[in-house]
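Q: Just passing along the structure, written as structure tokens.
The values are calculated or read from the model by the stated rules, or taken from the named source; none is laboratory data. Owing to the predicted nature of the structure, the values given are computational and were not obtained by experimental measurement. Glycine gets a Cβ as well: all are built from the backbone with ideal geometry, and neighbour counts include every protein chain shown. Just so you know, the surface numbers come from the protein's heavy atoms only, side chains and all, with ligands and any DNA or RNA stripped out. Shrake-Rupley method; radii C 1.70, N 1.55, O 1.52, S 1.80 Å.
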Amino acid sequence: YLLTAAAPTPASLINWYEQLGIILMEGFGQTEAMGLIGNMEGQRRIGSIGKPIGETEIRISENGELLCKAAGFSPGYYKMPEQTAAAINADGWLLSGDQAEFDKNGYYRITGRIKDMIIRGGENIYPREIEEFLYTLDSVLDAQVIGIPDHKYGEVVGAFIIRKEGADLTEEDVQDFARSRIAAYKKPRHVFFVDSFPLTASGKVQKYKLREIAQARLGLSAEMVEAS
């Protein structure tokens, strides 16, 4: 068994591990929650973080954000009342910043980060969905999707892709692959090929840096970025 956390694991990677005879289990947690919040027990479901562990309570807010509460959670940030108020609401629920959904059996699934959601002409687009789609393209080793400022739509979809070794994948290939397989408004308008993604010390992708790279490559002005 392998336990993974920090970000949702692509279904294609989970299936690849299974072909090797290795069961990959996804968990979910935060430092403020003293570790794990949810974990897969009993029936395994690919793409799910399972059910709340111990006496942890979980609910989903009106905007789709996962909220959680338990006696052992941190009461706040030391001498930082404003940051505490932004992270923990008046009723004591920790705001995870993650979008989530659950099925009829109570299994939760993380669908993305609230701040990463792309709004294109009034349509909400969840980057995780597009990333999962791009993983189905044989030449793609890894993919990250971001919102890029646009005069007409406010934002459009941008994709950063790491190609598999020896793959000869072009932007036109990606857009042709997407044309008949996903809704037109979800199709990447811009595709960038890179050798690696900017990461935090803990290995998380820094999407804000990808946005900065995209804006620089496209020559977007600071005024346009601010307007979006």
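Q: Report Met34's accessible area, 1.4 Å probe, all protein chains in place, as a number in Å² to the nearest 10.
A: The accessible area of Met34 comes to roughly 130 Å².
Q: In debye, nearest 20: dipole of the chain around its Cα centre with unit charges on the Cβ of K, R (+) and D, E (-)?
A: The calculation lands at about 140 debye.
Q: Separate question: Using a ≥ b ≥ c from the Cα gyration tensor of the chain (square roots of the eigenvalues), is it rounded, prolate or oblate, where a/c under 1.5 gives rounded and otherwise the larger of a/b and b/c decides, a/b for prolate?
A: In terms of gyration-tensor shape, oblate.
Q: Given Cα pairs under 8 Å that are at least 6 residues apart, what percent is the relative contact order of the chain?
A: Normalised by residue count, the contact order of the chain is 12 percent.
Q: Determine the equivalent ellipsoid of the stretch 136-208 by diagonalising the alpha-carbon gyration tensor, then write out the semi-axes as square roots of 5 times the eigenvalues, largest first, rounded to whole Å.
A: Rounded to whole Å, the semi-axes are 21, 18, 9.
Q: Just to confirm the filter: which trypsin sites (Lys or Arg not before Pro) across the stretch 16-106 are DSSP coil and have at most 15 other Cβ within 10 angstrom of their Cβ?
A: Answer in residue order: Arg44, Arg45, Lys79, Lys104.
Q: If the chain between Thr170 and Leu199 were fully stretched, how many nm would it gain, using 0.36 nm times the residue separation less the Cα-Cα distance?
A: Contour length minus the Cα-Cα distance gives 8.0 nm.
Q: If packing is taken as the mean number of other Cβ atoms within 10 Å per residue, what is the order of 178-188, 151-161, highest first?
A: With the highest mean Cβ count within 10 Å placed first, the list reads 151-161, 178-188.
Q: Next question, about the same structure. Take every DSSP beta bridge whose two residues both sit in the chain, then give the antiparallel share in percent to the nearest 5.
A: Roughly 85 percent of the beta bridges in the chain run antiparallel, per DSSP.
Q: Let me ask something else about it. How long are the three semi-axes of the equivalent ellipsoid for the stretch 34-114, computed from the Cα gyration tensor as the root of 5 times each eigenvalue, in whole Å, largest first?
A: Gyration-tensor ellipsoid for the stretch 34-114: 24, 14, 10 Å.
Q: Check each of the GluC sites (Glu not before Pro) in the stretch 27-115 and keep only those in coil by DSSP with at most 11 other C-beta atoms within 10 angstrom; list them in order.
A: Glu41, Glu55, Glu62
Q: Here is a further query. Take every DSSP beta bridge with both residues inside the stretch 1-92 and express the antiparallel ones as a percent of the total, to the nearest 5.
A: Here the antiparallel bridges make up roughly 75 percent for the stretch 1-92.
Q: Arranged from highest to lowest average of other beta-carbon atoms within 10 Å per residue, in what order do the peptides 48-54, 91-97 appear?
A: 48-54, 91-97
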